[in-house]
Each structure stands twice: as C-alpha cells, then as structure tokens.
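Just below is one structure, and these are the notes that go with it.
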Amino acid sequence: METKTPDPEVLLVEGTGSVRTVTLNRPERMNAVNEPLHTALANVWAELRDDDNVRAVVLTGAGKAFSAGGDMDYLSRVSTDPEFRYRTMADARRIVSEMLAFPKPVIAAVNGPAVGLGCSLAVLADVVYISERAFMADPHVTLGVVAADGGVLAWPLMMSMLRAKEYLLTGDRIDASEAQRLGLANHVVTAETLLPKAYALAERLAGQPRQALWDTKRALNMHMNAAIANVIDFAFAAESETFALPQFQSSLKGYTTERNISSRSIAVSAS
C-alpha cells in the first residue's frame, strides 16, 4: 500500500523508492509543535509501517530548526483545557510507543535546534546525525512540567544518570559535540553534508536483509521498552498534573517561540 499524505502544512512525507523523508514543516515557527503536527506525528509511523515500499525513513525539520518544542498557543490550551490535555497526553504517549514499535530504521537529521519534544523525536530515532550548528535541550522543568515524552524515559539509557539529571533538572542546552559525547547523537557533521550523509545511511540500511534488520531493531528496542515501562505511567501522569499547575501557566507567559534560543531554550514539549 502507499503511504497516506499527512497535512503538508505541518508534516511532509516525501520520496520515492525505498526511502521516505518525514519533515516537520512549520519553518516560520521553527517547527514548534501545534495540535495538527502533534496528531500527525502520532499517526505517521503506522502509515509508514504499512507501506511495503518504505524500507527506511529520514526525519528532519524544514528551515533553520529541527523543532523548537511545543507551540505556545497549543501549550496554553493544554494547560487550561482538561479534556484537550487528556487527548494530548494520549497522543504524546502514542508518539513514543509508535516510534519504539516502528520496525524500519529511522535516521534523524538534526539540522538545527532540537528542543523539548523535538529533542525527544531525535533521540527516539535509530541513528542521529546532528549539524555542527545545532543543539539539543529539554527545558520541561524550567517551565514547570515533567519531561515525560522522552527526557526522563530515554536519556538515562543513553548517558549516565548523573548527566541526565543535570541536563533535565537545569534545562541547559547541549551543543552538537557534547550531544555526541553523551550519546544523544552518533555523528556531528557540517550543515551541508547533513542530509546527504543521512540519506546515504538510509539507502544502505534499506538494502539490508529486511527481516534480520527489523528483528534486530526490535530486539534492541526491547531493552528500551522494558526500561521505559517502569516509568512511563508515572511520568505522563505527573506531566499532565504539572501542565495544570499555576507555575506552568505563569512560566509560559514569559516564553515565546520568537525569542532567541538561549541556554533556557524556547519551549517545552507538547506532550
């Protein structure tokens, strides 16, 4: 079957042959995640899984950013509308579970800042190429919420617990070389070679024996699933609760996606 095309105003799925490019497509908002994009990210993995023509995926962002995290208007509604927050949490959990269950290799091409949910999307991929100009950050705590959609779930599996605590509790940014050293990225490359290198690996993996590749990825992700299962219920319940607290609502007023990206970052994940 062919992959259904999601809303191209927020998420592009492009390509022919065995490799598809999934592009977060809100460049004017630094690919900050709003409701349509959040929903698309929850749905796209099942669609790509069921497309027999797809053997590998490159995940990237349009424009100068990979993703600035959560769109502020979207997060404001998550904070103040309980029913909407419930639906958002369900989709957030589905993004994590669908990416972990996705059998085909995903190569993240981190072309610019990957913040909050953006960072989570990158590190839930299978191989991460990061531009030397990019950085990662998870400022959930700085904004008053729990980092349930990736930081607390995945980071301790990729770096030491002490390092995970430091960066999640402070929200400090992690530059490209440090991200590689910590284990959040495989390769630091120039901006010009980022996509060519990601595509080259995607093509190579697409040519590997399919069943062996898929089942090896599945076996490896069993380690992640087992670890994540111990914390995911509490993490998402805690994130939902902290979204509703006055502290988050107050912090949100002081941030906009148009601000310069600093060590405190721009946004929090939309999960």
message: Exactly one of these conditions fails for Gln211: (1) open to solvent by 50 Å² or more (accessible area, probe 1.4 Å); (2) over 20 Å from Phe102 (Cβ atoms); (3) of a type outside the set (A, V, I, L, M). Give me its number.
response: (2)
message: If I ask for residues that are buried (at least 16 other Cβ atoms within 10 Å of the Cβ) and farther than 28 Å from Arg85 by Cβ, which ones from the range 1-12 would you list?
response: Thr3
Filter result (surrounded by 23 or more Cβ atoms within 10 Å (Cβ to Cβ) and assigned to a loop (DSSP other than H, G, I, E, B)) within the range 15-56: Arg26, Met30, Asn31, Ala32
message: Within the range 147-167, does at least one residue satisfy the condition of being over 22 Å from Gln247 (Cβ atoms), among the small types (Gly, Ala, Ser) and in contact with a Leu (Cβ under 6 Å, 6 or more places away or on another chain)?
response: no
message: I'd like to check something: does the range 143-158 contain any residue that is farther than 22 Å from Ala92 by Cβ, surrounded by 17 or more Cβ atoms within 10 Å (Cβ to Cβ) and modelled with pLDDT of 95 or more?
response: no
query: Does Ala176 satisfy the condition of being more than 20 Å from Ala108 (Cα to Cα), modelled with pLDDT of 95 or more and surrounded by 16 or more Cβ atoms within 10 Å (Cβ to Cβ)?
result: no
message: Given the criterion in contact (Cβ under 8 Å) with a residue 40 or more places away in the chain, crowded, with 24+ Cβ neighbours inside 10 Å and closer than 22 Å to Ser240 by Cα, identify the matching residue among Ala92, Ala108, Ala134.
response: Ala92
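The values are calculated or read from the model by the stated rules, or taken from the named source; none is laboratory data. Keep in mind it's a predicted model, so treat the numbers as computed, not measured. Counting neighbours? That spans all protein chains shown, and the Cβs are built from the backbone with ideal geometry, glycine included. Side chains are part of the model used for accessible areas, which takes the heavy atoms of the whole protein and leaves out ligands, DNA and RNA. Shrake-Rupley method; radii C 1.70, N 1.55, O 1.52, S 1.80 Å.
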